[in-house]
């Protein structure tokens, strides 16, 4: 197990970090929202962690949280110096928590899957059945719920919500029969195993929405913020970056503008009435 993995799994994952102690050690805390399992997060983000550390000359340490709600709470408390997060959670962090825009990934597409040998062939077939989504607070939940409403259905009224703990578990929940269908991002579906792709089918695909956002806390010096932005933008030109984008299908890191943030506002409204 790598040093990064040890730090993430044992010191950081379930316990909150203490920002003052982190700054005393001259490190930056990189908060990754809990889209994937801990081990998958380490595998995916360790190369980016190393790239940022070298580029800005300050050690960067990965952190996350057990669930979306705790990640939002820790973001609000300022426990992360940098965050990689869902669009609506990033918009909330900017408007409420004093985080500044750095970059974003390419667009994200939400898909809904069901077993080929099962009774669910379309969203309308989900009435009285179960749907796995990574979190009630996710954009995927809102997107699929909006699509269901076009058929006169709603999650938790007509469709029972199944919480699989992370998006990386959605496909397995369907495979094991724990859910009749599941909503996840297309990148995870594209990375499914041959067995999973043979057993499942896509029953709904949403139009692309803004991708993952990377923001930094406003307490960071302007010099560090500039270095961070350049480091993210340059990542695609490195061998590690090419491998990262090929695996994640996030395309690249690109500038994050005000117009994109406005597109996200309808989704961040979910936090207005928690």
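The values are calculated or read from the model by the stated rules, or taken from the named source; none is laboratory data. Keep in mind the model is a prediction, meaning the values are calculated, not measured. Glycine gets a Cβ as well: all are built from the backbone with ideal geometry, and neighbour counts include every protein chain shown.
For this structure, a couple of remarks:
- Filter result (out of contact with any strand residue (DSSP E or B) (no Cβ under 7 Å at 6 or more places or on another chain) and part of a loop (DSSP other than H, G, I, E, B)) within segment 143-155: 150, 151, 152, 154
- Checking residue 132 against (1) crowded, with 21+ Cβ neighbours inside 10 Å; (2) under 16 Å from residue 32 (Cβ atoms), the condition it does not meet: (2)
- Against the conditions (1) in the same structural domain as residue 117 (by TED's automatic domain parsing); (2) under 22 Å from residue 32 (Cα atoms), residue 151 satisfies every one except (2).
- Strands (runs of 3 or more DSSP E) completely within segment 170-274 that count 2 or more residues being closer than 26 Å to residue 125 by Cβ, touching a residue at least 40 places away in the same chain (Cβ under 8 Å) and within 17 Å of the chain's Cα centre (by Cα): 181-185
- Residues within segment 45-60 that are within 18 Å of residue 250 (Cα to Cα) and either surrounded by 20 or more Cβ atoms within 10 Å (Cβ to Cβ) or touching a strand residue (DSSP E or B) at 6+ places or on another chain (Cβ under 8 Å) (or both), tallied: 5
- Selection status of residue 140, outside the structural domain of residue 84 (by TED's automatic domain parsing), in contact with a strand residue (DSSP E or B) (Cβ under 7 Å, 6 or more places away or on another chain) and modelled with pLDDT under 95: yes
- Taken across segment 36-56, residues that are assigned to a loop (DSSP other than H, G, I, E, B) and more than 22 Å from residue 185 (Cα to Cα) do not occur at all.
- Residues of segment 97-128 that turn out to be part of a helix (DSSP H, G or I) and closer than 23 Å to residue 143 by Cα, as a count: 4
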